[in-house]
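Below is one structure; the comments refer to it alone.
Derivation of every value follows stated rules applied to the coordinates shown; laboratory data play no part. Computed from a predicted model, the values in this text were never measured in an experiment. Positions of Cβ are generated from backbone atoms using ideal geometry, with glycine treated the same way; all protein chains shown enter the neighbour counts.
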Amino acid sequence: MSEWVDSFMEGLITKNPGEKEFHQAVHEVVESLAIAIERHPEYRDAKILERICEPERVVMFRVPWLDDEGNVQINRGFRIEFCSAIGPYKGGLRFHPTVNLGILKFLAFEQIFKNALTTIPIGAGKGGSDFDPKGKSDNEVMRFCQSFMTELYRHLGERTDIPAGDIGVGAREIGFLFGQYKRIVNRFEGVLTGKGLNWGGSLIRTEATGYGAVYFAEEMLRTRDESIKDKTCLVSGSGNVAQYTVEKINDLGGKAVTLSDSSGFIVDHDGIDAEKLAYVMDLKNVRRGRIREYAEKYKCEYHEGRGVWNVEGAECSFPSATQNEISFEDAKALTKGGVYVVSEGANMPTVPDGVEHFIKEGILYGPGKAANAGGVATSGLEMAQNAGHTSWTREQVDERLHSIMIAIHKACHETAEEYGTPGNYVNGANIAGFLKIADAMMAQGVV
């Protein structure tokens, strides 16, 4: 089947030149799916995979806005509505200078399989802008969000496309976006998730991606009759996902010792306890400071640049920053340093050679499309609450999230075994998600 994979990728790259992140994401999935395609020739005949790799709709638009000095600024906005075979498009909005069509296509493509795994009937999309909220005033962010939504609103709907937040899009941005949507359409409806608790949001939504990554790691460990308790954990990033990963590690009796940002990383061998985590949340969420300030306050190690994965003495790692943050050398450093559990809180944080190394070494490796699905799963729970005009308690949402992560792990684990690659969560996640989408597409005809 390697010839089939090579031929498929050659055609995809020719049609989508220069989109290296998208090529990387598709290649990983196609390699896994070769097993399933061989067993199900009807999917090949119907060209299911070719259709999945082609977005149903791509929207690109200009976003003009005025800065505080009255100067006109222009950014580019995107929405990739990739797959609606099992439900309305669902996926985040990312505001970051690196945003381009290829990155959003990779994120939306990953979202197809992630959303299929959640057990919730939601399709896949992704969007955003090359706008950078860092260094902007609240009024500048508001004016940008209002301009962005003035174009995007016409493509959204609670049964059509329901965006959420992603990098650069937190509670402030969701609030401004929702306010403008409501103003334009004159309806209060659950067309965005990640809303404030007083206006349609869900408890646990902010925490969900980090919590889910730890729940998934716990389930992987259970296959070896172990748990997170007393494990030392490396966490990258210091934003939303990293913060709540640390919180759940603490809840389950583990110890997180690292956090990072684009400038460097801290190593606190005493562990980032609840008090220290509260400081990080204030530092990052309120004061927008740098992680080195943590080291200055708590007198721990601080290192400039990359290198968080070279810290030795840990058993678990939770990459929670961004795509391709774990290089092949980083992957080797992790396993050499004692790590045998990797649960990805970020999207595609490990390069292909690194993934191959983890699988070859037989460690417990949870790919992002499975391990970080807790965020979109809880967005689905927020949609359910909005549809029912109700709200659930923190305990109810957390219990549902935990159950979903257990179900995702079970699907990945059992599918990997069924297709002859036991313990390979990459194959398990890709094949389990694909089969659900493929069956829906076969039933709905050539659309």
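By other beta-carbon atoms within 10 Å, ranking Tyr340, Tyr215 with the fewest at the front produces Tyr340, Tyr215. Each residue of region 411-416 was assigned a 3J(HN,Hα) from its phi angle through the Karplus curve 6.51 cos²θ - 1.76 cosθ + 1.60 (θ = phi - 60°); the sequence is 4, 5, 5, 6, 5, 4 Hz, with glycine and proline shown as x. Backbone geometry of region 101-112 corresponds, through the Karplus equation with coefficients 6.51, -1.76 and 1.60 at θ = phi - 60°, to 3J(HN,Hα) couplings of 4, x, 5, 5, 5, 4, 5, 5, 5, 4, 5, 4 Hz, x marking Gly and Pro.
Kirkwood analysis of the Cα pair distances in region 2-47 returns a hydrodynamic radius of 11.1 Å. Relative to the current alpha-carbon distance between Trp199 and Ala278, full extension at 0.36 nm per residue lengthens the span by 25.9 nm. Sorted fewest first by neighbouring Cβ atoms within 10 angstrom, Val185, Val286, Val26 come out as Val286, Val185, Val26. Relative contact order for region 208-371: 23 percent, from Cα pairs under 8 Å spaced at least 6 residues apart, divided by residue count.
Packing order of peptides 50-57, 407-414, highest average first: 407-414, 50-57 (average count of other Cβ atoms within 10 Å over each peptide's residues). In order along region 20-28, phi translates into HN-Hα couplings of 5, 5, 5, 4, 4, 5, 5, 4, 4 Hz, rounded to whole numbers, per the Karplus curve 6.51 cos²θ - 1.76 cosθ + 1.60 with θ = phi - 60° and x for Gly and Pro. Our helix-only sum for the chain, with -39,500 (n - 2.57) per DSSP H run of n ≥ 4 divided by its residues, gives a mean residue ellipticity at 222 nm of -15000 deg cm²/dmol. Residues Met9, Met149, ranked from the fewest to the most other C-beta atoms within 10 Å, line up as Met9, Met149. Summarising the amide proton neighbourhood of Ser317: residues at separation of 5 or more, or on other chains, whose placed amide H is nearer than 5 Å comprise Leu234, Val341, Val342, Ser343. Whole angstrom only: what separates the Cα centroid of region 108-178 from the Cα centroid of region 179-244? If we compute the Cα centre of each part, the gap is 15 Å. Taking amide hydrogens as placed 1.01 Å from N in the peptide plane, the amide H of Gly194 sits under 5 Å from those of Ser202, each at least 5 positions away in sequence or on another chain. In this simple spin-label model, placing a label point 7 Å from the Cα along the Cα-to-Cβ direction at both Asp67 and Arg287 gives a separation of 2.6 nm.
Beta bridges assigned by DSSP with both partners in the chain are antiparallel in approximately 55 percent of cases.
Grouping the Cα pair distances of region 208-371 into 5 Å bins from zero gives a pair-distance distribution of 2, 10, 21, 25, 22, 14, 5, 2, 0 percent in increasing distance order. Taking the Cβ-Cβ separation of Val185 and Glu10 as r and a Förster radius of 25 Å, what is the calculated FRET efficiency to the nearest 0.05? That gives a FRET efficiency of 0.05. With only Cα atoms counted, region 57-191 has Rg and Dmax values of 14.4, 48 Å. Temperature 4 °C, viscosity 1.567 mPa s: under these conditions the Stokes-Einstein estimate for the chain, based on its Kirkwood radius over C-alpha pairs, is 59 µm² per second. Amide H contacts of Ile326: Thr350, Val351, each under 5 Å away and 5 or more positions distant or on a separate chain (H built 1.01 Å from N in the peptide plane; Pro and chain starts excluded).
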